[in-house]
Each structure stands twice: as structure tokens, then as C-alpha cells.
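Encoded as C-alpha cells, here's the structure I'll be asking about.
The values are calculated or read from the model by the stated rules, or taken from the named source; none is laboratory data. Here the structure is a predicted model, which means the values were calculated and not measured. We place every Cβ from the backbone using ideal geometry, glycine too, and count neighbours over all the protein chains shown. In case anyone asks, the SASA skips ligands and DNA or RNA and just uses the protein heavy atoms, side chains included. Shrake-Rupley method; radii C 1.70, N 1.55, O 1.52, S 1.80 Å.
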Amino acid sequence: MEIKTAEFVSSFTSYTDCPKSDIPEYAFVGRSNVGKSSLINMLLDRKKLAKTSQSPGKTQLINQFTINDNWNLIDLPGYVFAKVAKSKRKDFSKLINDYILKRDNLICVFVLIDSRLNPQKNDLGFLRWLGEKQVPFCMVFTKAYKLSSSAVNKNLKYYKKEMLKEWEALPEIFISSSEKKMGRMEILEYIDKLNKTVKL
Ligand code: GTP
Ligand code: MG
């Protein structure tokens, strides 16, 4: 898919503030600092459209972008604050969960997993929750550049094994690096395919 236009629409503090929309929407979610905002910029080929930071907790609102005038991307806050003082932590889970469960035009949630970290209970817990709620999702392993494929595969294998304990099929899985534009074509093609099949 060619990205012809990519516009920041607005930031919202709650899903109830998001204007009703009848075009397909895709949300990027995952722990803080996993690279959600960076992945959005990489996919859209815009360096600073979504705000990124080295310190976790940069994205604090529901940020909406409209692409090619016919689909939306949503940049969400992180669901865990790693390495942040307790006093500075904010719990974004209600904002994220409400948005995911109630947004009518949300087609697929992209769950980002940091390839560099050992499998995390919170990530697995979040995937389980999506499964229980029957929310369509796929997975993106981020920051994969420079990691040996055996390290990424070890992580992948763990998640696959855990998920197959509860479900019969695995979701679509992508491996990405925002630095190297790894995974860009695959993710955009997947969105393109969904855009062509969904009826809202
Ligand atoms: P929050 O908004 O705090 O939830 O974080 P986020 O998930 O949006 O992460 P963000 O995109 O702001 O990136 C966090 C840090 O990871 C930044 O320092 C990025 O430069 C870095 N980063 C993101 N993607 C990659 C990647 O593919 N490779 C490497 N090496 N660094 C990355
Ligand atoms: Mg962010």
C-alpha cells in the first residue's frame, strides 16, 4: 500500500471523546517504550508524526491519525510503565480497555512485544484478555534489528506455546525494526487486505 496522506487528527482522553467514524481503524498497543509511536512513524514514512521518547510514558492519550483518507491508525499509551518511579506511574489500562472494547470501527489491535525482553507476564496477560474478549488482534515483535534470529525465535516460540495452550490458532505475527524499516511492507499489506474485506 502506498501512503499518500497521513494526518494527525487529534488526541482524546477517552474513547467517548473520539468522534464516530465509519472507516476502518487499527490500534497499536503494548508496554511503554515498546516502540508503538516509532512503528507508526516508520509505517507512515513520517519521522515525527507520532511523538516518541527514550523515556517510557510519552504517549498518554488516544492519538488518532487518518491515512489516505480511508483508514485510521491509533497510537495508545503503554499499558505498563517499566522503570518509572511509582509516584509517576499512571494506570492507563481503563482508557485502553474501554477504547478497545467499545470502539465500533476498530478492526484489529496490533499488540507490540519487545523482542529484546524475555517474555513478560503482562504481555501474555494482555493477549489472554484480548482472546477472552474475542477482540481480533495480531502481534508485532519490535526492535528486532541486530538481534540474532535465534533470540527472536526463542521469544516467539514461548508465546506461541503459551497461546496454543488456550487457543487453536495463532494470530498473524510480524517481526519489525523501526530503525531498519523491517516489517513495513508486511504490516501495510495486512492492513490493506483487511481494509478491502471489512464492511462497516
Ligand atoms: P510510550 O509512548 O511511552 O508508551 O512508548 P512507545 O511504545 O510509543 O515507544 P516509542 O516509539 O516512543 O519508542 C521508545 C524508544 O524505543 C525510543 O527511544 C525509540 O527510539 C526506541 N525504538 C523504537 N523502535 C525501535 C526499533 O525498532 N529499534 C530500536 N533500536 N529502537 C527503537
Ligand atoms: Mg508512544
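Quick check on the chain: of the DSSP beta bridges with both residues there, what percent are antiparallel, nearest 5%?
Beta bridges within the chain, antiparallel portion: roughly 40 percent.
Using only helices, what value at 222 nm comes out for the chain when you add -39,500 (n - 2.57) per DSSP H run of length 4 or more and divide by the total residues, to the nearest 500 deg cm²/dmol?
-10000 deg cm²/dmol
While we're here: When the chain is modelled as a GNM with alpha-carbon springs shorter than 10 Å, which of Leu61, Leu76, Leu117 fluctuates the most?
Leu117
Summarise the accessible area of the range 2-48 (1.4 Å probe, protein heavy atoms) by the percent that is carbon and sulfur.
That fraction is 48 percent.
So if R0 is 25 Å, what FRET efficiency would Val9 and Asn122 give, r being the distance between their Cβ atoms, rounded to the nearest 0.05? Walk me through the intermediate numbers first.
Values: r = 29 Å, r/R0 = 1.16.
Efficiency for this residue pair is about 0.30.
Per residue, how much accessible area does the range 6-197 have with a 1.4 Å probe, in Å²?
Working: 10060 Å² over 192 residues.
On a per-residue basis, 52 Å².
On to the next question. To check you understand DSSP bridge types, tell me what percent of the beta bridges within the range 101-196 (both residues inside) are antiparallel, rounded to 5.
Roughly 10 percent of the DSSP beta bridges within the range 101-196 come out antiparallel.
Relative to the present Cα-Cα distance, how much length would full extension add between Gln54 and Lys193 at 0.36 nm per residue of separation?
Stretched fully, the Gln54-Lys193 segment lengthens by 46.8 nm.
If you don't mind, another one. What do you get for chymotrypsin sites (Phe, Trp or Tyr not before Pro) in the range 1-76 restricted to DSSP loop and a cutoff of at most 16 other Cβ within 10 Å of the site's Cβ?
The qualifying sites: there are none.
Could you tell me the accessible area of Thr5 in Å² (1.4 Å probe, neighbours in place), rounded to the nearest ten?
50 Å²
Return the carbon/sulfur percentage of the accessible area of the range 58-200, one whole number, probe 1.4 Å, all protein chains in place.
48 percent
Only Lys, Arg, Asp and Glu count, each charged at its Cβ (+1, +1, -1, -1), so figure out the dipole size of the range 105-200 about its Cα centre, rounded to 20 debye. The partial results should precede the final answer.
On the way: 17 positive and 11 negative charges, 49 e Å.
Value, rounded to 20: 240 debye.
Taking 8 Å as the Cα distance limit and 6 or more residues as the minimum spacing, I'd like the relative contact order of the chain as a percentage. Kindly include the intermediate steps, with their values, before the conclusion.
Working: 344 pairs, mean separation 47.7, N = 200.
Over the chain, the number comes to 24 percent.
Further question: Rg and Dmax of the range 12-67, using alpha carbons, in Å: what are they?
Spelled out, the Cα radius of gyration and Dmax of the range 12-67 are 11.8, 35 Å.
Using only Cα atoms, what is the ratio of the radius of gyration of the chain to 2.2 N^0.38 Å?
Here the answer is 0.96, to two decimals.
Additional query: Which peptide among 39-50, 180-191, 165-176 comes first, and what is the full order, when sorted by highest mean count of other Cβ atoms within 10 Å?
39-50, 180-191, 165-176
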